[in-house]
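The values are calculated or read from the model by the stated rules, or taken from the named source; none is laboratory data. Just so you know, these numbers come straight off a predicted model, no measurement behind them. Positions of Cβ are backbone-derived with ideal geometry, glycine not excepted, and every protein chain shown enters the neighbour counts.
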Amino acid sequence: MIQAVYSDKRNFSKHEARHDVRIGERLPINWSLKGKEINGTGRVCNISASGMMVEARTDILPDKDCVLEFQALLQGQSNLLPPTSRLVWSKSRGLLPRRSLWGVEFVDPQPEVIDRLHNRIQQKVESMISVQKILNVIGWILLAFMTVLAAGILVVQAVNYNNLVSASNMLLASSAQQATLYKEVQDQYVILKGEYLQVSKELEETRVILFQLQLANGNLTQEMKAVKAKLKRDNQKLTQQLREVKAKLDLYEGNVNNMDQAQLALSMNRSGLRSIKTSLRQIKHQAHLAKVEAQQERDRILLSLGNRGLVIKEGKPFQPDFPAPNEPIPPKKVRIDVEMVD
């Protein structure tokens, strides 16, 4: 048990100046007021060769210069504190409940206790000096690192600034080039749009011409079919007439008994031949007219196909593509043998 006693004002003023070095401590202790049944727990916050500061776990503020008794709770630390001390000051610890700070002054400490305190304080001071040196070295290292880092940052900022200036110049040049390209593209677009409209107009005209050609081709095909049907009918009629004439000739051959009958048969044959010749001339005339009409229609189609009716184009014979008829017209071969008998 450590006792605290009263001391005079001179000692208090002497130690209040705090000429001794203080070190931080975390020593748990028990405390009690001498002559009173008031005690509690706490811890030593800092200590020096002349006194210490205690954090007591109580909301009681003892009277100034009262005697206190302290007991260390850690093993091996009971002989560290002087045997007598007194309360110099006390105050509450902020907003924390049941906490108060006390300033305690040692009175007439024993030499061995003072030596132990000095040794502990010296060790703490040396440790603090070592830590301070280490912190100083670390600080200088950090300062050098920060200096190098700052220099690097300045260099990077300079490089970034140069890059930004270069990028800005390139952006301006690119913007100017882009504006020029946009103007050229816009001009080309206008030109191409005009050409497209012209080509569209020509294509529409070509479609109209193609439709007209298809319509004319259909009309020509119908006319050719009509001519073909007419020629076929005429051919059938002529064939029938030839068959009748041949039948009459067959009847007349070998059936004549006298000259009167022969002359009558000859006159009949001559009359039939005249009518046949007349029919043949009419058929030939009609065929000629049909051929002329077909040749005129062919010339009209050749003129519409783009060669102006000429048969030579680019040094080569011009052969337009005519639509093939659905059914080819087979050639008709008719042979008429007529023998005049006086």
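Values for this structure:
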| quantity | calculated |
| --- | --- |
| Residue pairs meeting the criteria (Cβ under 7 Å; at least 6 apart or on separate chains; first not assigned by TED's automatic domain parsing to the domain that holds Ile23, in region 126-145; second at pLDDT 90 or above) | none |
| Among (1) within 20 Å of Val107 (Cβ to Cβ); (2) among the charged types (D, E, K, R); (3) at pLDDT 80 or above, the one test that Arg26 misses | (1) |
| Of all residues making up region 75-104, the number that are modelled with pLDDT under 80, aliphatic (A, V, I, L, M) and either in a strand (DSSP E or B) or more than 15 Å from Cys45 (Cβ to Cβ) (or both) | 1 |
| Output for region 277-307, where each listed residue is modelled with pLDDT under 80 and either surrounded by 13 or more Cβ atoms within 10 Å (Cβ to Cβ) or in contact with a strand residue (DSSP E or B) (Cβ under 7 Å, 6 or more places away or on another chain) (or both) | Arg298, Arg300, Ile301, Leu302, Ser304, Leu305, Asn307 |
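So that you can scan it fast, the table gives a plain yes or no per residue for (1) farther than 16 Å from Met52 by Cα; (2) of a type in the set (A, V, I, L, M, F, W, C):
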residue: Ser92; (1), (2): yes, no
residue: Arg98; (1), (2): yes, no
residue: Pro109; (1), (2): no, no
residue: Ile129; (1), (2): yes, yes
residue: Leu143; (1), (2): yes, yes
residue: Ser166; (1), (2): yes, no
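Let's see how each residue does on (1) surrounded by 11 or more Cβ atoms within 10 Å (Cβ to Cβ); (2) assigned to a loop (DSSP other than H, G, I, E, B); (3) touching a Ser or Thr at 6+ places or on another chain (Cβ under 8 Å); (4) not acidic (Asp, Glu):
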site	(1), (2), (3), (4)
Glu55	yes, no, yes, no
Val125	yes, no, no, yes
Ser130	no, no, no, yes
Gly139	yes, no, no, yes
